[in-house]
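Worksheet: the structure to be examined is printed underneath.
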4 protein chains.
Amino acid sequence: MAGSSFGNLFRITTWGESHGKGIGVVVDGCPAGLSLCEEDIQKFLDRRKPGQSKFTTQRRESDTVEILSGVFEGKTTGTPISMMVWNKDQHSADYSEIASYYRPGHADFCFDEKYGFRDYRGGGRSSGRETIGRVAGGAIAIKILEQMDISILAYSQAIGPVSIDPARFDPAEISKNKLYMPDATAAAKASAYLEKCLQEQNSSGGIIECQIFGLPVGLGDPVFEKLDANLAKAILSIGAVKGFEIGAGFGVATATGLTNNDAFCMENGHISKRTNYSGGTLGGMSDGSLLFFRAAVKPTPSIAATQQTVNKDGKEIEISIKGRHDPIIVPRAVVVVEAMTAITILDALLSNMTARLDRIIDFYQS
Amino acid sequence: MAGSSFGNLFRITTWGESHGKGIGVVVDGCPAGLSLCEEDIQKFLDRRKPGQSKFTTQRRESDTVEILSGVFEGKTTGTPISMMVWNKDQHSADYSEIASYYRPGHADFCFDEKYGFRDYRGGGRSSGRETIGRVAGGAIAIKILEQMDISILAYSQAIGPVSIDPARFDPAEISKNKLYMPDATAAAKASAYLEKCLQEQNSSGGIIECQIFGLPVGLGDPVFEKLDANLAKAILSIGAVKGFEIGAGFGVATATGLTNNDAFCMENGHISKRTNYSGGTLGGMSDGSLLFFRAAVKPTPSIAATQQTVNKDGKEIEISIKGRHDPIIVPRAVVVVEAMTAITILDALLSNMTARLDRIIDFYQS
Amino acid sequence: MAGSSFGNLFRITTWGESHGKGIGVVVDGCPAGLSLCEEDIQKFLDRRKPGQSKFTTQRRESDTVEILSGVFEGKTTGTPISMMVWNKDQHSADYSEIASYYRPGHADFCFDEKYGFRDYRGGGRSSGRETIGRVAGGAIAIKILEQMDISILAYSQAIGPVSIDPARFDPAEISKNKLYMPDATAAAKASAYLEKCLQEQNSSGGIIECQIFGLPVGLGDPVFEKLDANLAKAILSIGAVKGFEIGAGFGVATATGLTNNDAFCMENGHISKRTNYSGGTLGGMSDGSLLFFRAAVKPTPSIAATQQTVNKDGKEIEISIKGRHDPIIVPRAVVVVEAMTAITILDALLSNMTARLDRIIDFYQS
Amino acid sequence: MAGSSFGNLFRITTWGESHGKGIGVVVDGCPAGLSLCEEDIQKFLDRRKPGQSKFTTQRRESDTVEILSGVFEGKTTGTPISMMVWNKDQHSADYSEIASYYRPGHADFCFDEKYGFRDYRGGGRSSGRETIGRVAGGAIAIKILEQMDISILAYSQAIGPVSIDPARFDPAEISKNKLYMPDATAAAKASAYLEKCLQEQNSSGGIIECQIFGLPVGLGDPVFEKLDANLAKAILSIGAVKGFEIGAGFGVATATGLTNNDAFCMENGHISKRTNYSGGTLGGMSDGSLLFFRAAVKPTPSIAATQQTVNKDGKEIEISIKGRHDPIIVPRAVVVVEAMTAITILDALLSNMTARLDRIIDFYQS
C-alpha cells in the first residue's frame, strides 16, 4: 500500500533508507506566499542529527538539506516542495552478519515476511533516519503556525526512572542540555543514568511531552477525524513510540466526573476553563485551552549486550550488536514529535476553514 | 471536512444524531460472498444498547438494525451495505435548559464555536449513540476476520481503582457480568464502587484492554500506516478515550533494552518470541504474536452533582444535569473497541495483499 | 475497494440497488448553516424520476426523499446528511430469465466475474436508480453554489442525429419540453426520432452539454487535481457516458495555436478573454470565463428487439428484453450531470480556500 | 490542496518546475520484488525528452534519471521509490518579459490569481517537463503490467487534419517515425503539415489513441471508481488534453442500441464479444476485450506569431513568444498517455484483489 504520506490538505510524502543515496520528503499543499529558505529547515534538522553528544550515535552525517522545488524568489509557490538530504556515511560497514539474523526489538523479521526480503543496511526504511523527512516537512508547518501565533513545545519529560519536577519546569533549559529536559537537575540525574546504561551496554526508554499554545477553538472533527485521534496516529507513527495520552491520559481511569470535568468560567470576557484535565480537546475538537499530550518511547533496541535470537535459517543464536548506537531515543525524537504535531495541527487548521457556510461566503466575497 | 469515514479499502461512513430520526452506517468495500443477515449485526448492537443494567442509561431503545442494501440472497454483493437503526426515544425531553449552557466535559462549546450553533438534543452527533454505526460496521469486519481465524477479545481491565487480577483472568467471565470484566471478584468490587458513584451523583473512568489472536506477520506498513498508529487513531476516535498504549505501553519509559527487547526463538518449527513486551507489532507491522493494547476511558461527564459552568450569554452559573446517565462508559464501550479494532485490522489485511509482486502474479494466474 | 464515495472535502457516499429496500446517500463535509429541507432535494429528484413522458420507463416510483440526519431546526449542522428514497416497485417481476444470461451493453457479465455472482434484479447497483443518491447530494451542492452566485445549466445538446441550433438556443425552453432541449424545433424533431426508435424496439444516444456561470479564477490545481480532470471523472462515472470534452474539445485536433488560443483582453476593468475555446479552464484551473463541457451518452442498452448473447452456461442464445425501458437516457441524465458538476465545483471551491497563506491568516484573524 | 499525487494503492507524487533544480517523483505502494534499474526508466524518458526532431523544442536536456531509494540489490523493496532528473538548462534565459504579461492559452493568469504570484520561468509547474515524473512512475507500472501479460500501446492517431488510415495500421511503424504514427503515409503527410505550421509560426493539435491488451475482466468499480472514469481523470490531468472518449466515444450520440450493443458470444470456450463499441468496459469494469480510448490534444499555445494579450498592469498589448517551441504536443505526449494509463490500470488491478471473500481467504491460506 501507499503508506508513506501523512496529512490531507497539507501532506508530506517521505522516502529514503538509512544507507541508500539519501532521505527526502515532498511537501504538498503548502500554501503559497510563505518565506522559506534552507536555513528554516536546517535548524530543525540540526536538532535531530547524530553526533551531538555522547548519547547519540557517532555516525558522521551533516544532514544538510537541499530544497529542490516549490520555492521561487524566496517564497513558496503553492506547488510541491521537494527537500532532500544526501546520505554521506552510507557505504562503509559490513552487513553480512546483520543480514543473517533477526535483531530483537527490530522489524527485520516483519520485513522479510511481508516483502520477501529486506534492505538490511542499518535498518533500511525503519531507520531513525526516516524521520529526516518528517522534520523537514514539520519545519514548514511550524513556520506557518508561528505566523498564526500557534507554537509547539516538546521536551523530554522522563528518561528511564528520572522525571522532571513540575516545580522546576523551565522552558529555557530545554535547549541548554543535550537531553532536552526543561529541568537542569533532572537532566543531570538522567545523564548519570544514561552513563550507567552505556557502561552496561544497555539502553533506556522515556517520555516526551508536547504542548501546543494558541490553538483556536474547533480544530478537529467530531467523529473519526478527532484532533486527538489524528495526533495519536501522528505520534504512534514515529518508530519506538508505544503509548499516547492526552490531558489526564491514563489518569482518567481512576478519576471521577467531579474531579475530571473542567468547569467553564469567564476570563477577561472570554469563555475559558478553570482546569485542563481534558488536555485541550473536547469531543475531538480543540477547546481553546493549552493542548498537551505525552508519548512513551521504548529503549533503543540496538544494544551491545548479548541477546538471544534466531537466524534466517531458523537456528537459535546469541548475538551482540556492533557499532555505537544511541542509548536513548527520546532526546532526538523530541523534534520529531514537534514536527508531526505541527503537520497534524496545520492540516486540521486548513480543513476547519470549510466548517461554516457564512465564513466560506465571506472568504470568497472579500 | 468530510470526517465521518474510517478505513481505506474497507471503509465505514457513519451518520446520525442521538435525537434525529436514526443512526446509520454505510460499509463500503466489503468483499463479496460473505453470508450476512441482520442477526449477525444485532448481537453486537445488543452488547452496547442501553438499559442492560443499573449502570447504563434507562433510555428505552431496542436499537434494531435494518440492512438496506448490499446483501442479496443472504450474501454480500461487494456493493455498499447500508444499515440503520431508527431512534425511538427521540422526542420526549425539554432541551431548552441544556441549549442555554455549556456542559463541562462535553463538546457543546466547541460545536458552537466551530459550526456557529449545535444540535443540543442529547449530545447530537457527539452522543454515545454515534457508536451504533461503528459497531454495526465492525460486526461485519469481525465476521470476515473469523473466517480467517482472527479473533478479537476486549474487556474492562479497570473500573475506577479496581483492576482485574491477571491470575484470575477468565475470558468466560466477561459476558457473565454486566461490567464485561474477565474476573468475577474484580467485577463485584467494581460494582460496589459504581454503586457508590451513583449515590454520590458521580461517575467513574476505567481502562479497556483488547487482544487480537491469529494475526499473520506483516500487517501494517513501515512508516505512517503503522498498524499500531492506525489502531491508536481508531481507538482515540471513540469519544471519551484519552489514552492508548500497546504492549508494555507507558511502562517502556522505565524499561531498558535488555528488559524490553523480546528475544526471537523457535517454537514448533516457527519463529516466535520468548516474551511480548512489543504487544504484537515491530516497526509498525504485526509480528505474529498476540497483539494487545489498552485504552483509557474518562468518567461520564454528565453527572447529577452540582457543577460550575458558563451559559451562552457568558454568565457563570451552577448546573445539575438531569436525567439518568451511565455512571461509567467503559462496559458499553468494550464492543465499540472491538468494532474499531476489527475494521482497522481488516483494512490492513486487505491492503497487505499488494505487498509482494510474486503473490500478486500468483493471485491473477490462479 | 471502497468505491462509492466521491469528493474530498465535500463528499457523497451512495448506496442502494434498484430492487433493494431503497437508495440513499450520505453527504459528508457539508458546511454548517445552510437552510435545507426535503423540498430543496425533491425538486431535483423529480427531474430524474420515471414516468414523466412516453420516453421514460413506466416504472411507478414517487421517489420521495427523506432527510435522516445532519439538519437541525432547518439548517445543516456540519455533520453528515443522510438521505434516502424507499423503493416502492421492488418485488413484482420475475427475474429468473434475466438471471440466466448476460444482457449486451450491460455489466452483468463483469459483475459475475468480479464478484462471483450478482444482484440480477433490474441491474442491481448499476441501475439508473443509483443516480438518486448523486442527485440528492448534488442538490445540496447546487444550493450552496447558488449562494455564491455560481449556477449550473445542463441540457440535451443532441439526441441521435438531431442537434440543437445555437441560433435558436433558449434556456427557458429547457424545462418546457420533456427532452430538456433548449430549442423547441430540435425538441420536436428529436421527439419524432425517438418515436421511431420506440416503434423499432430500438434506442438512441445523445449529447449533454453543461455550462457553469460565475466561477472565480483559480479553482482546481495545476497537476493531477485539475478542475477539468475531476469533471471528467465525475461525468464518466455516470453510467452510459462514453466521452467528455471541454471547450473546443475534440475540435482542438484540427485547430492551430492561432485559432485555438484565447486572447486576453480588458473588459470593464477586469481581465477577460476575447474567445473561449479553452472552455473556461487553463492549466487545470478555472480562468474566470464560462466553463462548458459536453458528455456523450450511449443508447439505452435494454431494447425489446432481438439480440444475440450468451447464457451463464456458456451457450449462445437469442433474447428479447421485456418490460418498458427508456428509449433514451439523455433527458433523465441531464440533472445527474448538473449534480456531479456541482459536487466537483464545490469541492474545488472548498479546497481552493487553502491556496494562499495571506488569505488563511486573514481568515483566522477576522 | 495536496494535488500532486495520483493513484490509491500504487501512487505517484510528482514535484518540480521547468527551471528549478530538477523534476522528480515518489512512487509509493510499488510491490516488493520487481527487478528495477535506471535503464528501465530511462528508455521511457528518452521517448519524451526534447531535441529528438525538428518538431520538438531544442532545449538541451539529457533528462537522465537517478533512482534515490526503494531499490536494493536490484529489486524493489516495497518502500517508496524516489526518482529524479536534474534540470540542466535552467539558468540561461531572461524571463523579465514573460513575467510581465499573460500568455494566451497558458495558465499564467490563473496562477497569479490563485497563488498571488507565479514562477514565470518557462511555465514553472505547468511546463511539459512536469510529465517527467509521470513517465518515470509509469515506467514502473508498465514493467509490472508486462509481467502480468498486460501491455499498453499509444500512438498519434491524428495530427491536425491528417488521421491515420486503419487499413494501413502498423504498430511497428510507431517507433520508426518521429511523430509516433502507426502509418508511414500519414506520418509523411503530417510531417509536411507541421513544416507548414512552423513556417507560419503556428502550431497544431491532434489526437492520441491508446490500446490496452490483456486486461482481466472486472477491473474498476461499479460506481465512482469506474475504470473509464479514472482513465478519463488520468488523461485529462495531462496538460493540453481537452477531450477523452472510450470505445465508440462521441459516436454513440448518433448510434442506436441495436448498432451500439456488443453481442456476447463464445470464442474458444470463453465468453467474448462480437464487436467492441464499448471499448473494453461495461458498467465501469473491464469486460475482457481490448480497452481503447482517444485523447484530444490542443495545439501548443506558445507560438512565435503575433498575439494579443494583457500585461500585469492591465494594459492590452501585442506579443510574440520567443524561443523554439514544439509546434505540436502530441508525439511527446504519447508516452505520457501510456504512463498515466499504466498507473491507473495497475492501481485498479491491485484494488480488485479485495473484491471477493473466497479469494482473500485463499490468498492468506496459501
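Listed by chain and number, the lysines placed with their C-alpha closer than 16 angstrom to that of residue D:49 are D:88, D:178; residues fewer than eight positions away on the same chain are left out.
With a simple spin-label model that places each label point 7 Å from the Cα along the Cα-to-Cβ direction, the separation between residue D:149 and residue B:366 comes to 1.8 nm. On a 0 to 90 degree scale, rounded to 10, what angle separates helix B:227-236 from the longest Cα axis of chain B? Its long axis makes an angle of about 10 degrees. The dipole here belongs to the protein assembly as shown: it is taken about the Cα centre, uses +1 on the Cβ of Lys and Arg and -1 on the Cβ of Asp and Glu, and is about 0 debye. Across the identical copies, the 7 Å label point of residue C:268, projected outward along Cα→Cβ, sits 4.6, 6.5, 8.0 nm from its counterparts, in ascending order.
The listed residues C:1, D:181, once ranked by accessible area (1.4 Å probe) with the largest placed first, stand as C:1, D:181.
Only protein heavy atoms count here; on that basis, with a 1.4 Å probe, residue B:241 has an accessible area of about 10 Å². When peptides D:68-81, C:146-159, A:165-178 are ranked by their average number of other Cβ atoms within 10 Å per residue, the highest-first order is D:68-81, C:146-159, A:165-178. Charge dipole (Cα centre; +1 on Lys/Arg Cβ, -1 on Asp/Glu Cβ; no other charges) of chain C amounts to roughly 620 debye.
Cross-link partners for residue C:176 among the lysines, with Cα-Cα distance under 16 Å and sequence neighbours closer than 8 places in the same chain left out: C:43, C:54, C:189. Counting Cβ atoms of other protein chains within 10 Å of each residue's Cβ and taking the mean over peptide C:204-216 gives 2. Per the 1.4 Å probe, what fraction of the accessible area of segment D:5-365, in percent, lies on carbon and sulfur atoms? The C+S portion of the solvent-accessible surface of segment D:5-365 is 49 percent. Protein heavy-atom accessible surface, 1.4 Å probe, per residue over segment A:5-365: 31 Å². Applying the Karplus relation 6.51 cos²θ - 1.76 cosθ + 1.60 with θ = phi - 60° to segment B:187-204 yields 3J(HN,Hα) values of 4, 5, 4, 5, 4, 5, 4, 5, 4, 5, 4, 4, 4, 8, 6, 10, 9, 10 Hz, where x marks Gly and Pro.
Peptide A:123-133 has a mean shielding of 3, counted as Cβ atoms of other protein chains within 10 Å of each residue's Cβ. Using a cut-off of 19 Å between Cα atoms, the listed pairs B:143/B:298; A:242/B:233; D:196/D:298 include B:143/B:298 as exceeding that distance. A Gaussian network model of chain C, with springs between Cα atoms under 10 Å, assigns the largest mean-square fluctuation among C:322, C:54, C:233 to C:322. Value of Rg to Rh for chain D, rounded to two decimals, is 0.98; Kirkwood radius and Rg both from alpha-carbon coordinates.
Taking a ≥ b ≥ c as the square roots of the eigenvalues of the alpha-carbon gyration tensor, the protein assembly as shown is classed prolate because a/c is 1.5 or more and a/b outweighs b/c.
Between the helical axis of A:330-351 and the longest alpha-carbon principal axis of chain A there is an angle of about 40 degrees.
Accessible surface for residue B:106 stands near 40 Å², nearest 10, in the context of the full protein assembly shown (1.4 Å probe).
Remark: accessible area buried at the D-A interface is about 3500 Å², both chains counted, probe radius 1.4 Å. For chain A, the mean residue ellipticity at 222 nm estimated from helices alone is -8500 deg cm²/dmol, where every DSSP H run of n ≥ 4 contributes -39500 (n - 2.57) and the total is divided by all residues, rounded to the nearest 500. Each Lys and Arg contributes +1 and each Asp and Glu -1, all at the Cβ; summed about the Cα centre of segment D:117-201, the dipole is approximately 420 debye.
The values are calculated or read from the model by the stated rules, or taken from the named source; none is laboratory data. Please read these numbers as outputs of a predicted model, since none were measured by experiment. As a convention, Cβ positions derive from the backbone with ideal geometry for all residues, glycine included, and neighbour counts pool all protein chains shown. Keep in mind that these areas ignore ligands, DNA and RNA; they rest on the heavy atoms of the full protein, side chains included. Shrake-Rupley method; radii C 1.70, N 1.55, O 1.52, S 1.80 Å.
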